[in-house]
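> This is the structure I have questions about; it appears just below.
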Amino acid sequence: MRGQDSLECAAVGQVASLMAAAARTAPKTRGVDNIRVLALDDADSRGRVATKMVELARRDGRPSLERDAQAVASSPAVLVIGVVSNPAGLDGCGFCGQKTCEAQQAAGGVCAFNSIDLGIAASSAVAAASGCRVDNRIMFSIGKACLELKLFPAEVRQALGIPLSVTGKSPFFDRIA
C-alpha cells in the first residue's frame with residue numbers, strides 16, 4: 001500500500017516527464033529544435049540550485065531570488081527548459097536589435113526567435129502540468145542559477161525553471177517580495 005505522499009511524489013515525476021514531452025513537441029521557428037530540458041528530481045540537485053539562487057540574490061541585490069530558492073528547495077521536482085543560441089537565419093528581421101544574424105552573433109546577442117521558442121516550450125510545459133492539476137510557476141531565477149552552475153552545455157544561453165507542487169494550496173502564489 002502506498003500513502004498520499006508517495007502517490008503525490010510519483011505523480012509529480014510523471015508530470016515532469018509529460019512536461020518535457022510537451023516542451024520538446026512545442027512549435028519552433030523554422031522547425032529547428034533548439035530546446036534542451038532537464039529535471040531536478042533529486043534533493044541534491046535542487047539543493048545546489050537553491051543555494052546558487054540565494055548566492056545570486058545576495059550578489060545581485062535581488063531578494064526575490066532567495067524567495068524563489070525556497071520554492072525550489074520545497075518542490076519534489078523542477079523542470080528546467082533551456083534554448084540553444086542559434087540564429088533563425090531570418091536576416092533583416094531586426095527583432096534582436098541587429099540588422100543581420102551575423103551582426104547579432106558578433107555582438108554576442110541571442111536571436112529573438114530563440115527566446116520566443118523558449119517561451120512557447122515553457123508555456124506548453126506548464127499547460128501539461130496544469131492539465132494534470134499540478135501547481136507550477138515559470139521562474140527565470142531558476143534558469144539563471146542553472147546557467148551559472150553550467151548544468152546545460154555552453155551553447156544554451158537562456159533557461160527557465162518550473163517548480164512543481166502537489167499541496168492543498170499552491171506555494172507559488174501569494175508570496176511576499
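> Pulled fully out, how much extra length does the chain show between residue 106 and residue 43, if you take 0.36 nm times their separation in residues and subtract their Cα-Cα distance? Kindly include the intermediate steps, with their values, before the conclusion.
Working: separation 63, 0.36 × 63 = 22.68 nm, distance 3.96 nm.
Contour length minus the Cα-Cα distance gives 18.7 nm.
> Using 0.36 nm times the number of residues separating residue 150 and residue 133, minus their current alpha carbon distance, what extension gain do you get? Don't skip to the end; give the middle numbers.
Values: separation 17, 0.36 × 17 = 6.12 nm, distance 3.11 nm.
Full extension of this stretch gives 3.0 nm more.
> Which FRET efficiency value, to the nearest 0.05, do you get for residue 140 and residue 2 by plugging their Cβ-Cβ distance into 1/(1 + (r/R0)^6) with R0 = 35 Å? Can you show the working numbers first?
Numbers: r = 35 Å, r/R0 = 1.01.
About 0.50, to the nearest 0.05.
> Under the 0.36 nm per residue contour assumption, what length would be gained going from the current alpha-carbon distance of residue 99 and residue 169 to full extension?
Numbers: separation 70, 0.36 × 70 = 25.20 nm, distance 4.75 nm.
Roughly 20.4 nm would be gained on extension.
> What residue among 154, 11, 77 shows peak mean-square fluctuation when the chain is described by a Gaussian network model with Cα springs under 10 Å?
154
> Using a Cα-Cα cut-off of under 20 Å, which lysines could be cross-linked to residue 52, ignoring same-chain neighbours fewer than 8 residues away?
Output for residue 52: 144, 150.
> Among 40, 93, 15, flag the residue with its Cα farthest along the positive direction of the charge dipole of the range 1-114, charges on Cβ as +1 for Lys/Arg and -1 for Asp/Glu.
Among 40, 93, 15, the one farthest towards the positive end of the dipole of the range 1-114 is 93.
> Hey, quick one: spin label on residue 90, modelled 7 Å out along Cα-Cβ, who in the range 106-127 has an amide N within reach, i.e. under 16 Å?
Once the point is set 7 Å along Cα→Cβ of residue 90, 110-121 turn out to lie under 16 Å by backbone N, inside the range 106-127.
> Moving on. Which of 139, 19, 53 moves most in a GNM of the chain, Cα contacts under 10 Å?
Most flexible of the set in this elastic network: 139.
> May I ask you to list, by number, the DSSP H helices of the chain whose Cα span along the axis is at least 27 Å and whose average Kyte-Doolittle hydropathy reaches -0.5 or more? Display every interim value, and only then the final one.
Numbers: long enough: 4-25 (31 Å, 0.54); 112-131 (28 Å, 1.07).
Helices meeting the criterion: 4-25, 112-131.
Each value in this text was obtained by applying a stated rule to the coordinates, not by laboratory testing. A quick note: this is a predicted structure, and the numbers were derived from the prediction, not measured. So basically every Cβ, Gly included, is an ideal-geometry build from the backbone, and we count neighbours across all protein chains shown.
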